[in-house]
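The block underneath contains the structure these notes are about, expressed in structure tokens.
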Amino acid sequence: EAQVTQNPRYLITVTGKKLTVTCSQNMNHEYMSWYRQDPGLGLRQIYYSMNVEVTDKGDVPEGYKVSRKEKRNFPLILESPSPNQTSLYFCASSLYGGSYEQYFGPGTRLTVT
Amino acid sequence: QKEVEQNSGPLSVPEGAIASLNCTYSDRGSQSFFWYRQYSGKSPELIMSIYSNGDKEDGRFTAQLNKASQYVSLLIRDSQPSDSATYLCAVKGTGRRALTFGSGTRLQVQP
């Protein structure tokens, strides 16, 4: 089954404790992206990757890191989480950078206390 | 001004009616437009894409694009309670390798 998976689905952590949210797709997509979704603000892009080893900032990259060492994986790293990073996070992928018909993972609900 | 604007709703329609959802965008050079449906607590799901002026139909869904007026709309015919969700408009602007999403319109279909 073609899908985008994320882990964990739910996470409660404390300020400053480094965490990683994993994202994996099995569709051989080149383009992958991370979004956060907050009430009233909609989906905002954090980082995206056009292909392996090619990443770039989205609209709200502060406090986040990403890497793309393999085509299928695109982890999101919060090195020192803060309460304002409490949000619902989605990973998405699309066939290539010019195709923006994106497929979303199930989401990760993160709470930072 | 937001880059992509949608009325947050809720838009309430009776079962069987036509639901009309609207979206305006600020980047006149935008070329690609998408509608996603998001059920509460779930991830967005692509339901329509449109790239040229006019109408595009897929089952009960019709996307309409008017680049001159910078709006895109989604019509849902014969609305069903299962259509109750938040509908997100997404636009690819010029010079961007990313989509910009509106904050969504919540649709409620009353049985």
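FYI, it's all coordinate maths here, none of it is from the lab. All figures in this text were calculated on a predicted structure; none of them were measured in a lab. Cβ: placed from backbone, ideal geometry, glycine included. Neighbour counts: every protein chain shown.
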**OP:** For the protein assembly as shown, divide the Cα radius of gyration by the Kirkwood radius and give the resulting Rg/Rh value with two decimals.
**Re:** 0.97
Original post:
Which of B:Ile47, A:Ile77, A:Ile46 comes first, and how do the rest follow, when ranked by fewest Cβ neighbours within 10 Å?
Top reply: A:Ile77, B:Ile47, A:Ile46
Original post:
Hey, can you rank A:5-15, A:50-60 by average C-beta count inside 10 Å, highest first?
Top reply: A:50-60, A:5-15
Original post:
When ranked by the protection proxy of mean other Cβ atoms within 10 Å per residue, highest first, what sequence do the peptides B:53-64, B:75-86 form?
Top reply: B:75-86, B:53-64
**OP:** Report the convex hull volume per residue for region B:1-87, counting only C-alpha atoms, in Å³.
**Re:** 100 Å³
**OP:** Restrict the search to region A:20-113; then list the chymotrypsin sites (Phe, Trp or Tyr not before Pro) that DSSP places in a loop and that have at most 12 other Cβ atoms within 10 Å of their Cβ.
**Re:** A:Tyr96
Subject >> Hypothetical label at B:Asn53: residues of region B:6-34 whose amide nitrogen lies under 17 Å (7 Å Cα-Cβ projection) >> reply: B:25, B:27-33
Original post:
Relative contact order for chain B using alpha-carbon pairs under 8 Å, separation at least 6, rounded to a whole percent?
Top reply: 38 percent
**OP:** Quick one: which residues, 5 or more positions from B:Met48 or on another chain, have an amide H under 5 Å from its amide H? H modelled 1.01 Å from N in the peptide plane, none for Pro or chain starts.
**Re:** B:Trp35
Original post:
When only C-alpha pairs under 8 Å and at least 6 residues apart count, what is the relative contact order of chain A, in percent?
Top reply: 36 percent
Subject >> Within 10 Å of each Cβ in A:36-49, the average number of Cβ atoms from other chains >> reply: 4
Subject >> For chain A, projected area of the alpha-carbon convex hull averaged over all directions, nm² >> reply: 6.5 nm²
Original post:
With θ set to phi - 60° and the Karplus curve 6.51 cos²θ - 1.76 cosθ + 1.60, what are the ³J(HN,Hα) couplings of region B:52-62 in order, to the nearest whole Hz, using x for Gly and Pro?
Top reply: 10, 4, x, 10, 9, 10, 8, x, 7, 9, 10
